[in-house]
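Reviewing the structure listed below.
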Amino acid sequence: MRFGKLKQKTGIVHINKLWCKGCGFCVKYCPTGVLELSKEYNHKGYHPPYVKHADQCRLCKFCEVICPEFTIYVTDEEEENHSA
Ligand code: SF4
Ligand code: SF4
């Protein structure tokens, strides 16, 4: 077995800031600390998250599942490169 050749998958996080209600669940429960709430306001008056550490996303999609507003989705970096 050659585990040294395995490449860690990296996700690309997409955030629809308009739908966010600033609950912070995605920030709190991301296991690798990718997200942080921004200082800016969306049109509802909430602070949406932004991607602070993009290279740390492990594509677990937990943020996508836990967001009550369906604001976040995560795609595979390799898929994005192939479709470009
Ligand atoms: S997919 Fe997982 S690692 Fe990536 S931002 Fe969401 S919770 Fe964090
Ligand atoms: S979990 Fe969803 S609604 Fe809550 S802060 Fe994150 S993006 Fe916004």
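The single residue among L37, L18 that is more than 9 Å from ligand 2 (Cβ to nearest atom) and not β-branched (V, I, T) turns out to be L18. Return the residues of the stretch 51-75 that are under 12 Å from L35 (Cβ atoms), hydrophobic (A, V, I, L, M, F, W, C) and in contact (Cβ under 8 Å) with a residue 40 or more places away in the chain; say none if nothing qualifies. A54, C57, C63, I66, C67, I72, V74, listed by residue number. In summary, helices (runs of 4 or more DSSP H) completely within the stretch 4-84 and bearing 2 or more residues that are surrounded by 16 or more Cβ atoms within 10 Å (Cβ to Cβ) and within 10 Å of ligand 1 (Cβ to nearest atom) occur at 25-29, 62-66. Within the stretch 17-39, the set of residues being out of contact with any strand residue (DSSP E or B) (no Cβ under 8 Å at 6 or more places or on another chain) and touching a residue at least 12 places away in the same chain (Cβ under 8 Å) comprises K17, L18, W19, K21, C23, F25, Y29, C30, P31, T32, G33.
Condition check ((1) near ligand 2 (Cβ under 10 Å from one of its atoms); (2) within 13 Å of V27 (Cα to Cα); (3) touching a helix residue (DSSP H, G or I) at 6+ places or on another chain (Cβ under 9 Å)) across all residues:
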residue: Y41; (1), (2), (3): no, no, no
residue: G45; (1), (2), (3): no, no, no
residue: P49; (1), (2), (3): yes, yes, yes
residue: H53; (1), (2), (3): no, yes, no
residue: R58; (1), (2), (3): no, no, no
residue: C63; (1), (2), (3): yes, yes, yes
residue: T71; (1), (2), (3): yes, yes, yes
residue: E78; (1), (2), (3): no, no, no
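No value in this document is a laboratory result; all are computed from the given coordinates. Worth saying up front: this structure is predicted, and the values here are computed from it rather than measured. Here the Cβ is made from the backbone with ideal geometry for all residues, glycine too, and neighbour counts use every protein chain on show.
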